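The values are calculated or read from the model by the stated rules, or taken from the named source; none is laboratory data. Keep in mind the model is a prediction, meaning the values are calculated, not measured. Positions of Cβ are backbone-derived with ideal geometry, glycine not excepted, and every protein chain shown enters the neighbour counts.
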Amino acid sequence: MNVVVCVKQIPDPADPGRMDPETRTLMRDVKLILDESDSYGVEMGLQLVDAAGEGEVILVSMAPNNEVSGLRTALAMGAERAVLVSDDALSGSDALSTAKVLAAAIGRCEPDLVIMATESSDGYTGTVPVQVAELMDLPSATFAKSIEIDGGVAKVQRQTEAGYDQIECSLPCVVSVTAGVVEPRYPSFKGIMAAKNKPVDELDLAALGIDPANVGWAGARQEIVDVVEAPDPETAFEIYAHRAAAVGRKTPPPLPGSRQQPVRYRPASAPDMIGLVPTRREI
């Protein structure tokens with residue numbers, strides 16, 4: 001059984017990070033680490049391959065500057081190999097552009113199962129897994145708290161507010177897992193040393209047959225026009241509630257103590273509006 005796990009490499013959350021004054025996005029010219037949200041998917045994939053008794057876990061990632069630090073961590077956990085997509089033209093990619101790139105890279109691996117985190121720690125869009133499934137014309141299950149493979153079917157417990165739904169997807173399929181579904185293993189010293197020699201296939205857009213005009217800044221569906229300092233949570237929620245009411249959106253309950261800031265953005269062919277995003281989110 002071959003399992004592809006998509007992993008994101010992000011700036012260390014312990015580092016305050018820097019915003020690019022021109023693009024108004026998070027600068028990624030630093031050492032990147034494995035997103036903790038993805039460590040659960042890696043562990044889930046390893047357990048499924050162990051249960052099957054054969055196969056391998058393959059990592060797929062998209063990162064600037066051919067960065068592999070985060071990938072090496074996941075390889076040290078036990079993944080066999082990795083595919084890294086890195087291209088200067090990918091700078092500024094939104095969720096859909098990211099999904100296009102990941103789908104193309106995943107397709108080269110011919111997996112039986114694709115596992116992704118529900119959302120990344122620096123993006124929080126939560127849309128990439130279902131976009132990848134749609135682009136690859138595969139069934140998908142979201143918010144999985146457990147995955148069991150029975151023949152050619154993935155049996156998934158999908159977490160809901162009321163408990164969980166038991167659903168089934170024919171393989172191959174895309175499943176996004178929630179944080180905490182399993183306890184990720186710590187890389188052993190032996191695993192860390194072995195990871196240094198595990199293959200990482202580095203690809204660019206040309207290798208994937210993707211037109212640069214459809215990704216990055218050129219293909220982005222929204223433009224950041226302003227970023228401001230984060231107000232206190234109560235004020236931030238009031239701003240969001242006011243703007244949400246103005247465009248007919250339902251207002252979700254506030255998140256006490258959350259670090260959020262209003263970012264003014266403009267989707268393509270739409271009027272300006274304000275949305276709340278995490279402090280260092282890149283759109």
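Points worth noting:
- So residue 200, is it of a type in the set (A, V, I, L, M, F, W, C), at pLDDT 90 or above, surrounded by 15 or more Cβ atoms within 10 Å (Cβ to Cβ) and out of contact with any strand residue (DSSP E or B) (no Cβ under 8 Å at 6 or more places or on another chain): no
- Identity of the residue in the stretch 141-180, among the charged types (D, E, K, R) and in contact with an Asp or Glu (Cβ under 8 Å, 6 or more places away or on another chain), that ends up farthest from residue 111 (Cα to Cα): 158
- Conditions (1) modelled with pLDDT of 75 or more; (2) of a type in the set (A, V, I, L, M, F, W, C); (3) under 29 Å from residue 92 (Cβ atoms); number of the one not met by residue 181: (3)
- Those residues of the stretch 84-117 which are under 12 Å from the mean Cα position of the chain (by Cα), farther than 15 Å from residue 140 by Cα and either assigned to a strand (DSSP E or B) or among the acidic types (Asp, Glu) (or both), in sequence order: 94
- In the set 62, 77, only one residue is surrounded by 17 or more Cβ atoms within 10 Å (Cβ to Cβ), in contact (Cβ under 8 Å) with a residue 40 or more places away in the chain and under 17 Å from residue 127 (Cβ atoms); that residue is 62.
- Residue in the stretch 120-139 that is without any contact (Cβ under 8 Å) to a residue 40 or more places away in the chain and among the hydroxyl-bearing types (Ser, Thr, Tyr) present: yes
- Residue ranges of strands (runs of 3 or more DSSP E) in the stretch 147-238 with at least 1 members out of contact with any Leu (no Cβ under 9 Å at 6 or more places or on another chain): 153-160, 163-170, 173-177, 222-227
- Condition met for residue 110 (touching a residue at least 24 places away in the same chain (Cβ under 8 Å), of a type outside the set (Val, Ile, Thr) and surrounded by fewer than 16 Cβ atoms within 10 Å (Cβ to Cβ)): yes
- Once the stretch 123-148 is narrowed to residues that are polar (S, T, N, Q) and farther than 18 Å from residue 43 by Cα, the residue that is farthest from the chain's Cα centre (by Cα) is 140.
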